[in-house]
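S.K.: Submitted below is the structure of interest, expressed as structure tokens.
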Amino acid sequence: MPHSCAALDCTKRCTVQTRTSGVTFHRFPKETNLRKRWVKAIRRKGFSPNTSTRLCSEHFKQEDFDRTGQTVRLREGVVPSIFSFSTPPKKRRAAKTTKALLKKEESKKVASAPPPPKQEPPPCPDLPSQSVVTACLCLVVMLPCLILDHSYALPPSLGDLKVKLCEALERVESLEREMRNAKDRERRAKNALHVLVEDLKGKNLINEELKQRLELS
């Protein structure tokens with residue numbers, strides 16, 4: 001089974017995903033005094049580490065590591081110092097109870113409050129200047145909206161036409177954001193694949209030919 005980090009409230013486990021993201025796991029030192037300092041640092045009452053106990057690299061400073069070789073190692077004598085200790089169970093339960101009461105009170109206020117008055121939709125702001133390409137896309141998106149009950153009929157007023165054009169512009173901006181997000185996800189996936197392939201190659205689990213085929217896939 002994969003090793004888990006022994007620190008309180010830490011959910012890191014030694015898996016391919018965590019190693020790919022750069023997280024490393026380290027044994028407790030054998031030297032007695034240094035081992036006691038590690039145990040004291042993690043603040044676990046009655047805790048006694050064994051040979052399979054690990055701490056992940058999230059609890060050490062960057063200067064605590066020796067990265068000169070192929071394997072990331074801890075420098076001699078370092079002690080873990082980065083922890084996010086949660087509140088004691090009693091305080092945590094009290095905080096949860098307080099939040100539950102606040103939510104209950106808010107629900108009662110919302111249920112007893114009168115419905116808000118119906119508001120008129122805000123006027124469409126002045127259209128910003130757009131490039132020729134964006135304007136063409138707006139017209140393409142807006143074209144189905146211009147066809148009303150009667151064929152080739154235009155909106156009854158300039159205000160309606162302006163509202164529909166605003167909606168088309170918002171749709172174009174939404175599509176552009178989705179395209180940028182898709183490109184960002186693709187770039188992150190390629191980076192993760194590259195790191196994983198390098199890790200497998202460094203452990204001699206794949207040859208150079210298979211590495212090239214994976215990177216080109």
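Throughout, read-outs are computed from the coordinates displayed, never taken from laboratory work. All of these numbers come straight from a predicted model, not from anything done at the bench. Because the Cβ atoms are built from the backbone with ideal geometry, glycine has one as well, and the counts that use them run over all protein chains shown.
S.K.: The conditions are (1) more than 27 Å from the chain's Cα centre (by Cα); (2) surrounded by 11 or more Cβ atoms within 10 Å (Cβ to Cβ), and Glu76 fails exactly one of them. Which is it?
M.R.: With respect to (1) more than 27 Å from the chain's Cα centre (by Cα); (2) surrounded by 11 or more Cβ atoms within 10 Å (Cβ to Cβ), Glu76 is out only on (2).
S.K.: Given the conditions (1) part of a loop (DSSP other than H, G, I, E, B); (2) touching a Ser or Thr at 6+ places or on another chain (Cβ under 8 Å); (3) surrounded by 11 or more Cβ atoms within 10 Å (Cβ to Cβ), report the number of the one that Pro29 does not fulfil.
M.R.: Checking Pro29 against (1) part of a loop (DSSP other than H, G, I, E, B); (2) touching a Ser or Thr at 6+ places or on another chain (Cβ under 8 Å); (3) surrounded by 11 or more Cβ atoms within 10 Å (Cβ to Cβ), the one that fails is (2).
S.K.: Output the residues belonging to region 156-193 that are under 30 Å from Thr15 (Cα atoms) and of a type in the set (Gly, Ala, Ser).
M.R.: Ala182, Ala189, Ala192
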